[in-house]
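Worksheet for the structure shown next.
What follows draws every value from the coordinates through simple rules; no lab data is involved. Here the structure is a predicted model, which means the values were calculated and not measured. Cβ atoms come from the backbone with ideal geometry, glycine included; neighbour counts cover every protein chain shown.
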Amino acid sequence: MLHTSDASCPSMARLDELVQMLLQSEVDNPVRPMLDPSKVADELGLAIPAGGLSIEETIDKLRGVVLATPVTSGTGFYNQLFGGREPIAVLAEMLGAILNNSMYTYKAAGVQVVLEQILLDKMASLAGMTGGDGLFTPGGSMSNLAAMIIARNEKVAGTREEGLPGGRYIVYTSAESHYSVRKNAGLIGLGRENVRKVPVDNTGRMLPEELERMINEDNQRGNHPTMVIATSGTTVMGAFDPIKPIVEVGHRHDLWVHVDGAFGGSALLSKEFSPLMDGVELADSLTWDAHKMMGVPLICSVMLTREPGMTTNHFDESATYLFQQDEDRLNPGTRSLQCGRRNDALKLWAAWQHLGDTGYEKRLNRQLELAAHFRDRVAEDPELTLSFEPEWINVCFEVTGKPSDRICDLLDKRRLAKLGWGIVFGRRVIRMVCVNPALTEGDLDELLANVKLVARDLPEADNAVDNRQASDD
Ligand SMILES: Cc1ncc(COP(=O)(O)O)c(C=O)c1O
């Protein structure tokens, strides 16, 4: 019988060759052709066969699938809040898959549990939350969900056992916050309609005085203000809500204050940019995704709380068939959202080992440097309009008089780049995210040249949107 750990295993022996093929193809073809989704299954032979294929045949299919998959680490991908890769983290991710531990017990995962805790402690210390609590989750949305469940249970006594009592329990978040806040409010029984969108200033930051006014209004109506979710690095504008004044208002009214730093939490890695998150140490909980700006492969997200015991208090269950050995401290499964859980820690740990604090700081500063370069190129170009002064790595702009959405589509169709658009203050704008520090200023200049090139082939259009489309609700 062949063991997968056996070095002579034929599929494992092909790994290096396949990786080299993939990396070369990313250089040769940074934007893959868009395949017709109704035909792709037939073209690539994706259907599951009744009888199994040989390793060679299966590898051939894998090769086809890999070469048809959008490239996220090349010079053509600017579409998302992730992009590029830390090679050492990818190596660790592969090792994690080979090791295949489930992170619920020390018995099953051993040292991996300890290094996961080291990362939580490290990130907590950067957030000024040492001695608190935290967990890895399958993404920023899920980190927000975990924090919102804790917030609801802490602020509406008895909910975990008895469910929500009558009345409306209100969530406040900025008009620019991520959609997971509304989605989660629906999931956890608070109700999507009970999410209040607090107005923002002209750079997209929540206005704390508006927050307080809305809380007072709800109190007068007999509603129950319950939690406020500040965002560090909003999805489209990259804005940082002023955490300190928001905490002051929130705590004055006995609300739970969560900071969604899924995108911008990485500011804590840099002395220059961590002031954007001043006050996070006073918040009750924090979401921080390492798979966004820290270059670690998807998924790698943590939720941290300032006070200890929160995950146990709100997520614990016992299972004699599972938690049989070791103290609970070493059995994260007693307090995680999932049962079986993949190892998302090893890759971040390896990347942080390799880069150290200083390397990560440099990496982050470089992302900001690229954004500043891109911002300058946009601002000085008479054909382009900068939408607002960027605070982070998102640079939003329009090709004056040309449709932002169609420019992005055409760039993709012509295989020049993947770039997204969003709505800012009632206008469709192109959103550039300078998240890949391996890119050069020259790559960004070329992208901008291509944006202008495809815009010339499009008719004039106004990017103003009507009211129904003006928000992402
Ligand atoms: C501010 C913010 N919060 C949360 C999320 C959700 O993160 P994830 O994609 O890891 O679920 C995002 C994703 O873009 C985001 O921008």
Likely footprinting exposure, Cys396, Cys339, Cys408, fewest C-beta neighbours within 10 Å first
Cys339, Cys408, Cys396
Relative contact order, percent, of the chain when contacts are C-alpha pairs under 8 Å separated by at least 6 residues?
19 percent
In debye, nearest 20, what is the charge dipole magnitude of region 308-459 about its Cα centre with +1 on Lys and Arg Cβ and -1 on Asp and Glu Cβ, if you could check?
560 debye
Global form of region 354-469, assessed from the alpha-carbon gyration tensor, a/c cut-off 1.5:
prolate
Mind checking the dipole of the chain: about its Cα centre, +1 per Lys or Arg Cβ, -1 per Asp or Glu Cβ, Debye to the nearest 20?
540 debye
Cross-link candidates for Lys347: which lysines have Cα within less than 17 Å, leaving aside residues fewer than 8 places away along the same chain?
Lys122, Lys292
Give the order of Arg14, Arg221 when sorted by the count of other beta carbons within 10 angstrom, beginning with the fewest.
Arg221, Arg14
Cα centroid of region 393-470 to Cα centroid of region 104-159, whole Å:
37 Å
By its C-alpha gyration tensor, with a ≥ b ≥ c as the square roots of the eigenvalues, how is region 1-71 shaped: rounded for a/c under 1.5, else prolate for a/b larger than b/c, else oblate?
oblate
Spacing of the two label points (7 Å from each Cα toward its C-beta) at Asp201 and Val114, in nm:
4.7 nm
From fewest to most C-beta neighbours within 10 Å, the residues Ile98, Ile229 line up as Ile98, Ile229
Suppose every K and R has +1 on its Cβ and every D and E has -1 on its Cβ; what is the size of the dipole of region 103-351 about the Cα centre, in Debye to the nearest 20?
560 debye
Straight-line reach from Lys39: which lysines have Cα under 23 Å away, leaving out those fewer than 8 places along the same chain?
Lys61, Lys413, Lys418
Restricting to Cα pairs under 8 Å and 6 or more apart, the percent relative contact order of region 258-413 works out to 17 percent
Centre separation in Å (Cα based) which lies between region 264-295 and region 309-387
10 Å
In the chain, taking the dipole from +1 charges on Lys and Arg beta carbons and -1 charges on Asp and Glu beta carbons about the Cα centre, the listed residue (Thr72, Gly51, Met103) farthest towards the positive end is Gly51
Decide, for the chain, between rounded, prolate and oblate: order the square roots of the alpha carbon gyration tensor eigenvalues as a ≥ b ≥ c, take rounded if a/c falls under 1.5, and otherwise choose prolate if a/b is larger than b/c, else oblate.
oblate
